[in-house]
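Below you'll find the structure, written out as structure tokens, and then a few comments.
The values are calculated or read from the model by the stated rules, or taken from the named source; none is laboratory data. Bear in mind that the values here come from a model prediction, so they are computed numbers and not experimental data. Cβ: placed from backbone, ideal geometry, glycine included. Neighbour counts: every protein chain shown.
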Amino acid sequence: MFSTTQKIGILGGGQLGKMLALAAANWDFKTFCLDPTPEAPASQVCTGFTVGDFNNYDEVLAFGRDKDLLTIEIEHVNTDALQELERLGKIVHPSPRALDIIKDKGLQKEFYREHDIPTAHFEIFEDEKSLKKAIESGAWKLPLVQKTRTAGYDGKGVAILRTLEDLETKLLPGPCLAEVLAPIETEIAIVAARNAQGEVAIFPAVEMDFHPEANLVEFLLCPARISRLVEAEAEALAESVIRAFDICGLLAVEMFWTKDGQLLVNEVAPRPHNSGHHTIDSAHTSQFEQHLRAICDLPLGSTASKTPVAIMLNLLGDPDHKGPVRYEGVEECLALEGVNIHLYGKALTSPFRKMGHVTITANTVAEAMKKANFVKGKLKVCAM
Ligand SMILES: Nc1ncnc2c1ncn2[C@@H]1O[C@H](COP(=O)(O)OP(=O)(O)OP(=O)(O)O)[C@@H](O)[C@H]1O
Ligand SMILES: [Mg+2]
């Protein structure tokens with residue numbers, strides 16, 4: 001429904017909430033965010049802002065009571081309160097059931113297994129000690145990937161264990177899973193969208209390159225450099241995953257294209273995603289507008305690109321700086337054609353914190369890379 005009076009509640013007020021609120025404002029939609037940080041990025045642009053804990057049952061319930069539609073910008077929220085809000089007649093997208101599965105990597109991987117969705121072989125362990133035992137007994141061989149079941153983000157809940165020494169230094173505490181280390185050729189992500197009528201739209205696959213030290217996506221290239229055949233397979237897989245989860249809204253599907261020719265689902269995020277930021281500048285519909293279209297059951301927008309190539313660079317806090325933020329080199333970058341800078345408005349920077357992103361649009365990969373490297377060398381996030 002297109003309504004400029006309905007109240008859309010967003011759990012979380014970070015950069016994703018901010019960009020969602022900006023897209024909503026473009027249609028005069030009213031957004032309200034719940035976040036524990038009073039000066040969170042979205043607070044500067046949403047219609048209303050509530051300081052509170054999106055993990056607390058009572059606070060989420062109280063927040064949702066006077067809203068018509070609830071959505072999220074982070075999956076680690078109190079889903080019991082969201083279920084209660086559904087019972088009270090509120091529309092909640094994505095569904096609390098899907099969120100419960102997705103926010104626990106163990107349940108998420110079991111879901112793939114049950115639904116015949118290809119994913120790296122895995123086993124769930126009670127804690128790191130039982131995983132260690134399984135390695136010592138030879139049931140699991142190194143190298144392997146250990147992931148904590150909950151609360152991991154930006155690579156923080158992931159350890160690649162290669163040697164016995166890694167078992168002493170890198171093993172993460174708590175309930176976890178072990179995954180076979182996939183021989184990754186290209187890491188890709190596809191943002192899919194689905195509305196309540198079951199219409200699905202798929203953005204072109206993007207290729208992700210990682211910062212070696214921070215384990216964060218450093219830059220992302222659209223379209224991914226994969227064959228048409230693999231791309232079609234990946235799009236079909238993304239569609240089957242969003243349908244399997246029965247999600248209304250966006251679902252970002254991270255996948256591995258392996259050296260032995262397999263397409264594996266790594267993980268999903270039921271919300272706007274880092275791998276869709278370029279769409280603000282490079283696609284007919286941004287992922288944020290698409291999320292609104294999907295959760296409001298409006299016709300989904302065209303996912304076609306407006307430019308042949310787009311690169312998205314995450315602007316990370318400089319590793320040597322911590323404190324009130326200051327940006328260097330913005331003017332030089334603004335002087336370039338096809339460079340769009342997005343700053344999230346976080347007051348404090350710290351090493352590798354996501355502080356903004358830059359989209360570079362160009363006619364060729366070479367031209368885009370040249371500009372991306374220039375921006376990477378010039379634009380710095382420092383402390384005062
Ligand atoms: N089974 C695997 N085989 C090889 N590499 C893997 C495997 N699982 C994860 N990785 C690597 O670790 C990265 C982080 O893993 P994952 O996406 O599961 O964690 P995350 O903390 O949720 O990350 P993010 O929040 O950055 O998306 C992956 O993008 C990939 O590069
Ligand atoms: Mg990931």
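Structure above, values below:
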{"item": "Residues satisfying the stated conditions in region 1-23, i.e. surrounded by 24 or more Cβ atoms within 10 Å (Cβ to Cβ) and either in contact with a Lys or Arg (Cβ under 8 Å, 6 or more places away or on another chain) or at pLDDT below 95 (or both)", "result": "Ile8, Gly9, Gln15, Leu16"}
{"item": "Helices (runs of 4 or more DSSP H) wholly inside region 222-302 containing at least 2 residues that are of a type in the set (A, V, I, L, M, F, W, C), modelled with pLDDT of 95 or more and more than 16 Å from ligand 1 (Cβ to nearest atom)", "result": "228-245, 287-295"}
{"item": "Yes/no for Asn314 being within 22 Å of Ala205 (Cα to Cα) and touching a residue at least 60 places away in the same chain (Cβ under 8 Å)", "result": "yes"}
{"item": "Matching entry among Leu144, Leu172, Leu161, Leu131 (being over 26 Å from the mean Cα position of the chain (by Cα) and outside the structural domain of Gly301 (by TED's automatic domain parsing))", "result": "Leu131"}
{"item": "Enumeration of residues in region 158-184 that are within 11 Å of ligand 1 (Cβ to nearest atom) and part of a strand (DSSP E or B)", "result": "Val158, Ala159, Ile160, Leu177, Ala178, Glu179, Val180, Ile184"}
{"item": "Residues (assigned to a strand (DSSP E or B) and buried (at least 21 other Cβ atoms within 10 Å of the Cβ)) located in region 348-377", "result": "Thr349, Met355, Gly356, His357, Val358, Thr359, Ile360, Thr361, Ala362"}
{"item": "Near pairs, Cβ below 8 angstrom, 6+ apart or cross-chain, from region 173-190 (closer than 15 Å to Asp104 by Cα) to any residue that is of a type in the set (Ser, Thr, Tyr) and surrounded by fewer than 17 Cβ atoms within 10 Å (Cβ to Cβ)", "result": "Pro175/Thr150"}
{"item": "Every residue from region 127-144 that is crowded, with 19+ Cβ neighbours inside 10 Å and either part of a strand (DSSP E or B) or more than 16 Å from ligand 1 (Cβ to nearest atom) (or both)", "result": "Leu144"}
{"item": "Scan of region 333-344 for residues that are assigned to a loop (DSSP other than H, G, I, E, B) and crowded, with 17+ Cβ neighbours inside 10 Å, ordered by number", "result": "Gly338, Tyr344"}
{"item": "Given (1) under 20 Å from the mean Cα position of the chain (by Cα); (2) over 20 Å from Pro272 (Cα atoms); (3) buried (at least 21 other Cβ atoms within 10 Å of the Cβ), index of the condition Gly64 fails", "result": "(1)"}
